[in-house]
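Data block below; observations after.
The values are calculated or read from the model by the stated rules, or taken from the named source; none is laboratory data. On a predicted model such as this, the values are computed, not experimentally measured, just so you know. Glycine gets a Cβ as well: all are built from the backbone with ideal geometry, and neighbour counts include every protein chain shown. Just the protein is used for accessible areas: all its heavy atoms, side chains included, with ligands, DNA and RNA removed. Shrake-Rupley method; radii C 1.70, N 1.55, O 1.52, S 1.80 Å.
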Amino acid sequence: MSGPRFDAAWAAVRDVEGWMTEGQGRRLFDAARRLSPGDRIVEIGSFHGRSAIVLAHGAPRDVDLVAIDPHLGSDRGPQEIAARPELGAADAEAFRANLERAGVAARVRHVRERSQDALGAVDGPVNLLYVDGAHRFGPARDDLVRWGARVPLGGRMLVHDSFSSVGVTLALALVTVAGARWRYEGRDGSLAEFERIDLAAGARARNAARQLAQLPWFARNLVVKALIVARLRPLARVLGHRQGPWPY
Ligand SMILES: C[S@@+](CC[C@H](N)C(=O)[O-])C[C@H]1O[C@@H](n2cnc3c(N)ncnc32)[C@H](O)[C@@H]1O
């Protein structure tokens, strides 16, 4: 098949630190590849560039790609909530260097602000929104509501740590489960995909039910995390958690 190849994108991020699995990378890549010239991608939460590089590889040439991350060293990853400016500065440098090394630095505009402060830094619709910033309920809800409002009908939103992080899952319950604007398209691990659509009443109930069906997996992830924190990793393995430090 012609066009960009996922293998090349995945090879480019093999040594880039981050939490996105290969299956999730492929889902992001495919969502970017389906865009048209002139479309726009906004990524919230870039860390060292793993997902931004995959998006840049997948997107057609004339797609505008904006990566929003304040790199304050706060809400950095699992159990890393408080700001640590020296870590944030190192993250920003790693992000820049990784994009250079992958040959995509010129394709990505980095907005070094918190997503809630960055709405004015991006003009026009957002055809693909990738949400992977602060995972606490308030900021996650704001990302889904305020940035989600920028996605036109037919656009897509992908959300990392869905049905895994408590804050992100509560925000989804409010916005995509209870709401009528986002049709659930499935997930790869914790990477859930939604299409912006206006749902009629029956479809809305089915959409909510499909998402509520992910709750057993959410409960399993909470138990796995509790076991890891309690240093009972062998028991987490019994629940099927064999890869990586934390369920994604
Ligand atoms: C889980 S990491 C993102 C991982 C990244 N998507 C990847 O593929 O490796 C979360 C990132 O969100 C950033 N962040 C924290 N608060 C934010 C906010 N309010 N707006 C945007 N990004 C934020 C952190 O600096 C951190 O780099």
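Residue count for the range 68-83 under the criterion of being more than 9 Å from the ligand (Cβ to nearest atom) and buried (at least 16 other Cβ atoms within 10 Å of the Cβ): the result is 0. Against the numbered list (1) buried (at least 18 other Cβ atoms within 10 Å of the Cβ); (2) over 22 Å from the mean Cα position of the chain (by Cα); (3) modelled with pLDDT of 90 or more, Leu227 comes up short only at (3).
Out of Val104, Val54, one residue alone is in the same structural domain as Asp161 (by TED's automatic domain parsing), of a type in the set (A, V, I, L, M), more than 9 Å from the ligand (Cβ to nearest atom) and open to solvent by less than 20 Å² (accessible area, probe 1.4 Å). It is Val104.
Might you check whether a residue that is within 13 Å of the ligand (Cβ to nearest atom), surrounded by 21 or more Cβ atoms within 10 Å (Cβ to Cβ) and assigned to a loop (DSSP other than H, G, I, E, B) occurs anywhere in the range 1-16? Yes, the range 1-16 contains at least one residue that is within 13 Å of the ligand (Cβ to nearest atom), surrounded by 21 or more Cβ atoms within 10 Å (Cβ to Cβ) and assigned to a loop (DSSP other than H, G, I, E, B). The C-beta contact set for the range 217-235 (first residue closer than 19 Å to Ser190 by Cα, second residue open to solvent by less than 60 Å² (accessible area, probe 1.4 Å) and part of a helix (DSSP H, G or I), distance under 6 angstrom, 6+ apart or interchain) comprises Phe218/Thr169; Val224/Ala236; Leu227/Ala236; Ile228/Ala236.
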